[in-house]
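Presented below is the structure to which this report refers.
The values are calculated or read from the model by the stated rules, or taken from the named source; none is laboratory data. Owing to the predicted nature of the structure, the values given are computational and were not obtained by experimental measurement. Cβ placement follows ideal geometry from the backbone for every residue including glycine, while neighbour counts extend to all protein chains displayed. The accessibility values were calculated without ligands, DNA or RNA, using every heavy atom of the protein model including side chains. Shrake-Rupley method; radii C 1.70, N 1.55, O 1.52, S 1.80 Å.
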Amino acid sequence: MDDLISSHQEEYGQGPDIIAQAPGRVNLIGEHTDYNDGFVLPMAIDYYVRVAVSGRKDQHLRFYSVDFNDRKRTSLSNLRFKREDRWANYLKGVISVLQNRGYITGGLSFTVSGNIPVGVGLSSSAALEVATAYAVQKLLGFEMSGPELARLAQEAENSFVGVHCGIMDQFVSRMGKAGTALFIDTRSMEYRHIPVSLRSVKILITNSNVPRSLADSEYNQRRADCEKCVTLLNPRKTGASLRDYTAEDLRDSLGLIPETTRKRCLHVVEENERVREAASCLRRNDIASFGKLMNRSHESLRDQYEVSCPELDWLVKRAWETEGVYGSRMTGAGFGGCTVTLIEEKAIPQYEARLEAYERIFSFKPEVFLCQPADGARIIFERQRG
Ligand code: GLA
């Protein structure tokens with residue numbers, strides 16, 4: 001943290017007023033359900049981003065990324081999404097939403113640093129949005145609950161960045177708690193922390209390192225498909241979402257809905273069921289059954305929702321073949337990114353050995369690392385005001 005303080009000081013000639021930290025996440029189960037009013041079961045991980053902020057006397061906005069050694073600037077009257085601003089768009093998006101709500105009246109200087117692998121589906125962007133929103137909230141002193149702040153960060157991503165993501169990533173980044181996974185009902189926004197006590201079982205992430213070039217466009221497309229399906233299923237049921245239908249309803253709709261759309265929606269309704277079951281397995285500490293549900297989830301994302309890719313399928317298969325693995329699946333939006341695997345600690349070398357051929361076959365280097373269920377966003381520094 002001292003490094004971040006001194007970087008901010010050197011960059012702006014004044015130390016930060018506040019530093020907020022927000023974690024990335026791994027989703028254990030419940031994929032592509034959150035924008036369908038469904039259930040999810042992610043956990044915050046022990047990788048984070050830190051955002052330092054100080055107020056300015058003018059109307060300028062300055063952004064400095066220590067890790068990218070990159071600087072961006074704009075002003076409050078000129079807040080627009082710009083492709084070339086890359087990482088800074090997430091901060092700009094949050095400021096823009098806060099400005100529209102009347103919270104922001106003066107300029108701000110930001111310094112950012114973190115260790116969440118970027119662009120691999122571990123929600124580094126959601127963490128950046130949440131840390132920014134939390135730091136500014138603390139600086140300006142306005143009231144906002146954790147779930148409200150998550151919504152605001154999501155809105156920044158939806159309306160400013162243009163990715164129509166659900167609430168899961170921002171919510172768990174703000175509301176996560178060490179040692180637990182977070183069950184969220186994304187319709188009522190009720191949530192429960194469920195203890196994850198795995199003892200010798202580890203949560204292993206494998207980064208496929210596949211560039212996720214399709215992720216945003218395909219993501220928005222899938223979301224539109226789900227909405228279309230609901231309109232076709234029952235044009236008169238206003239406010240409905242896939243959450244309100246069963247697998248049976250979809251089976252009965254043969255001929256009414258284009259086949260690809262129907263298959264995709266079947267994934268969503270079945271995945272919702274799996275999340276509920278998985279949550280109860282976790283409560284009973286039945287890791288074997290939990291792992292099987294993860295495997296079913298992967299198959300469904302691969303065959304019905306069609307958001308996996310050969311590299312992720314290959315990695316998941318190697319995990320399934322390894323003795324000591326309880327479950328393995330792709331995690332996050334898909335089209336590259338990571339897998340998550342529940343594995344006995346002593347089986348990890350075996351699994352890693354099986355990955356040796358990956359680079360030869362796919363020309364990407366896989367990365368394997370452990371993670372722990374961690375706390376959500378926190379304020380880690382506050383300058384004493386005189
Ligand atoms: C991304 C989105 C989430 C969620 C997942 C898929 O991570 O940001 O809202 O939709 O994809 O489950």
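Worth pointing out:
- Taken about its Cα centre, the chain carries a charge dipole of roughly 680 debye when the Cβ of each Lys and Arg holds +1 and the Cβ of each Asp and Glu holds -1.
- Gap separating the Cα centres of the stretch 36-89 and the stretch 272-350, nearest whole Å: 31
- Taking 18 Å as the cut-off, the amide N atoms of the stretch 92-111 that come nearer than this to a point 7 Å along the Cα-to-beta-carbon line of Lys82 belong to 92-97, 107-111.
- Between Ser363 and Glu299, the contour length at 0.36 nm per residue exceeds the alpha carbon distance by 20.6 nm.
- Dividing the convex hull volume of the alpha carbon atoms of the stretch 129-268 by its residue count gives 178 Å³ per residue.
- Of the solvent-accessible surface of the chain, computed with a 1.4 Å probe over protein heavy atoms with every protein chain present, carbon and sulfur atoms account for 46 percent.
- Compared with the dominant Cα axis of the chain, that is its longest principal axis, helix 310-321 is turned about 60°.
- Candidates Glu11, Glu270, Glu248, ranked by Gaussian network fluctuation over the chain, Cα under 10 Å, top entry: Glu248
- Charge tally around Thr186: other residues with Cβ under 10 Å, Lys/Arg +1 each, Asp/Glu -1 each, net -2.
- Averaging the sequence gap over all C-alpha pairs within less than 8 Å and six or more residues apart, then dividing by the number of residues, gives the chain a relative contact order of 25 percent.
- Helix 259-284 axis, angle to the chain major axis (alpha carbon atoms, nearest 10°): 80
- Base-10 log of normalised Debye intensity for the stretch 201-371 (one unit scatterer per alpha-carbon) at q = 0.08, 0.09, 0.11 Å⁻¹: -0.28, -0.35, -0.52
- Reference-scaled alpha-carbon Rg (2.2 N^0.38 Å with N residues) for the stretch 1-138: 1.08
- Nearest 10 degrees, 0 to 90: helix 287-303 Cα axis against the chain principal axis: 90
- All distinct Cα pairs of the stretch 173-223 go into the 1/r average, and the inverse of that average, the Kirkwood radius, is 14.4 Å.
- Take every pair of alpha-carbon atoms less than 8 Å apart whose residues are at least six positions apart; their mean separation over the length of the stretch 1-155 yields a relative contact order of 28 percent.
- Computed over protein heavy atoms with a 1.4 Å probe, the accessible surface of the chain works out to 42 Å² per residue.
- Build a GNM of the chain with springs between Cα atoms under 10 Å apart, and of Ser159, Ser241, Ser145 the one that fluctuates most is Ser145.
- Cα-based Rg and Dmax for the chain, where Dmax is the largest Cα-Cα distance (Å): 21.1, 70
- Pairs from Lys317/Lys365; Lys138/Lys177; Lys292/Lys346; Lys177/Lys346; Lys263/Lys292 whose Cα-Cα separation, in the structure shown, is over 25 Å: Lys177/Lys346
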